[in-house]
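Trainee: If you scroll down you'll find the structure; I have some questions about it.
The values are calculated or read from the model by the stated rules, or taken from the named source; none is laboratory data. Given the structure is predicted, the values throughout are model-derived calculations rather than measurements. In this analysis, Cβ positions are derived from the backbone assuming ideal geometry, glycine residues included, and neighbour counts consider all displayed protein chains. Heads up: the accessible areas ignore ligands, DNA and RNA and are worked out on the full protein's heavy atoms, side chains in. Shrake-Rupley method; radii C 1.70, N 1.55, O 1.52, S 1.80 Å.
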Amino acid sequence: MVAGLLDEAAAIADFRRELLAWYRAHRRQLAWRQTRDPYLIWISEIMLQQTRVDQMDAYFARFVQAFPTVHDLAAASEDQVLKAWEGLGYYARARNLHRAAREVAARGGQLPDTYEGLLALPGVGPYTAAAVSSIAFDRDHPVLDGNVTRVLCRLLRLEADPRQAAVKAALIAAGEQLLEPGQAGDFNQAMMELGARVCTPARPRCGECPVARHCRALAELDDPARLPRKAPRKPRPHYQVAAGLIWKGDLLLIAQRPSEGLLGGLWEFPGGKQEAGETLEQCLAREIREELAIEIAVDECLAQVEHGFTHFSITLHAFRARYLSGEPQTLGCAAWRWVDPSELGQYAFSRADLQVIEELGFLSTGDNS
Ligand code: SF4
C-alpha cells in the first residue's frame, strides 16, 4: 500500500518536484500559455470551461484578434461578441464575458488580481477565479476542474462521489496542501495537463505517469479508471424542432432569440418544438404565428440536422416557407430582420443553424429557387 501522500511532508515535496519537472519538460505550446497578459489568460479560461484544448486554438485566435484588449471587448456590441464566439457554444459565457469586460473597463481596465476580486465578475466561478488568479498573478489557489478532480480521486483513492459538496471541499483542501507555494500557476497547469494527457478518463497511462509512485489507485485497485465514481447517466430527452427559411421575394426572415436563456442573443431561422398531435408543418406555422405574428405557407423540408445540448438533443427540420401576410412583431423574439442570404455571415447563429446554412450552400448565392 502507498503511504498517504498528504501525510508526509517529504512525500508532498517529492510529488511537487516530480510533477513540475514533468510539466516543464512536456507542456504543450498553447497560444494562451505563452502570455502573461491577465486579459488573455482570462479569455482562455472562460473558453476552456466547456471547450476541449485541441479545439480551442482557432477560436481563441479569432476572438483575441477581434478584441485584443479589455477596452476593445467592452466597446463592442453584443452582436459582435456573439459573432466572434460563434461555434463555441454555451453563449452565456460570451455574454457574461462582455458584461465583465464593461465592468473592468469602467474601473480603468485592470483585471482584479485576487481570487475574491475575480469571483465578483459576471461569469467567473471558483474554477476560473482560481485559474486566473494563479496563472496570471501567482496567487496560491488550487484549481479543481474535471481533470484535476480525476487525478486527485485516483492519487488519494477517493471513493466518494466528487460532485458532493463535502467531497469537493476535501479535494480543494488536498489541492491546497499539495500546491507549491509561489508556483501555483505552473502547479495548476501541471495537474490539468496530467489529467488531460496521462491520467485520462478511460485508459490512464500509468506507465508514463510522473507521480505514479504516489498513487493509491494504481497500487491498490485492479483498474485505477474505476475512479472517480460516476453516477449513472440520465437519458437525455430528444425533441423534434421545425425551423422556417421564410422567403419574401429574395429576402429571408431571421429572428434573434431573447438575450437570456438557451442560445440567448443568437440569430436563427425561426421555429420551435413540435407538440403532440401536430405535424412538423403545422408546428412551424404555429410557432411563427406565436413568435412573430405572421402567416406563412410551409413547403418542403430542405435539411435535417441532429444537435446535442447538455440536457437534451434535437432533430432540426429546416423547411422552405413563403411569407403570406402580417407585419412581423417581437412576440417571442428580441428582433427580426429580412436579409439577403449573402448577409447571413454577418449574424451569429447557433451551431445547428450554421449546419443548415452550410448544407444549403445555395444561400450564399441568394439562389432560392
Ligand atoms: S498512476 Fe495512473 S491513475 Fe495514478 S495518477 Fe498516474 S495516471 Fe493517474
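Trainee: For the range 84-107, give me each residue that is open to solvent by 50 Å² or more (accessible area, probe 1.4 Å) and either touching a Lys or Arg at 6+ places or on another chain (Cβ under 6 Å) or at pLDDT 95 or above (or both).
Mentor: Arg99, Arg102, Glu103, Ala106, Arg107, listed by residue number.
Trainee: So, one more: For the range 172-181: of the residues being open to solvent by 20 Å² or more (accessible area, probe 1.4 Å) and hydrophobic (A, V, I, L, M, F, W, C), which is nearest to the chain's Cα centre (by Cα)?
Mentor: Applying the filter and picking the extreme gives Ile172.
Trainee: If you don't mind, there's one more thing I want to ask. List every residue pair whose Cβ atoms sit under 8 Å apart, with the two residues 6 or more apart in sequence or on different chains, where the first one lies in the range 227-240 and is within 16 Å of the ligand (Cβ to nearest atom) and the second, anywhere, is part of a loop (DSSP other than H, G, I, E, B) and of a type in the set (Gly, Ala, Ser).
Mentor: Close Cβ pairs satisfying both conditions: Arg229/Ala160.
Trainee: Further question: If a residue has to be within 8 Å of the ligand (Cβ to nearest atom) and assigned to a loop (DSSP other than H, G, I, E, B) to count, how many in the range 211-226 make the cut?
Mentor: Qualifying residue count for the region: 2.
Trainee: So which residues in the range 314-337 are over 18 Å from Leu266 (Cβ atoms) and not in a loop (DSSP other than H, G, I, E, B), if there are any at all?
Mentor: Thr315, His317, Phe319, Arg320, Ala321, Arg322, Tyr323, Leu324, Ser325
Trainee: Since Pro162 meets every condition but one in (1) within 21 Å of Ala9 (Cβ to Cβ); (2) at pLDDT below 95; (3) open to solvent by less than 20 Å² (accessible area, probe 1.4 Å), which condition does it not meet?
Mentor: (1)
Trainee: Something else about it: Given the criteria open to solvent by less than 30 Å² (accessible area, probe 1.4 Å), more than 15 Å from the ligand (Cβ to nearest atom), touching a Ser or Thr at 6+ places or on another chain (Cβ under 9 Å) and not charged (D, E, K, R), does Ala184 qualify?
Mentor: Yes.
Trainee: Let me ask something else. Tally the residues that are of a type in the set (D, E, K, R), assigned to a strand (DSSP E or B) and under 17 Å from Ile314 (Cα atoms), restricting the search to the range 233-275.
Mentor: Result for the range 233-275: 2.
Trainee: Okay, moving on. Counting only residues that are in a loop (DSSP other than H, G, I, E, B) and either of a type in the set (Phe, Trp, Tyr) or under 31 Å from the mean Cα position of the chain (by Cα) (or both), which one in the range 7-33 is nearest to Val211 (Cα to Cα)?
Mentor: Arg27
Trainee: Of all residues in the range 1-45 being of a type in the set (Val, Ile, Thr) and modelled with pLDDT of 95 or more, which is nearest to His71 (Cα to Cα)?
Mentor: Per the criteria, the residue is Ile43.
Trainee: Filter the range 250-273 down to the residues that are farther than 21 Å from Leu88 by Cβ and either among the aliphatic types (A, V, I, L, M) or open to solvent by 60 Å² or more (accessible area, probe 1.4 Å) (or both) and list them by number.
Mentor: Of everything in the range 250-273, those that are farther than 21 Å from Leu88 by Cβ and either among the aliphatic types (A, V, I, L, M) or open to solvent by 60 Å² or more (accessible area, probe 1.4 Å) (or both) turn out to be Asp250, Leu251, Leu252, Leu253, Ala255, Lys273.
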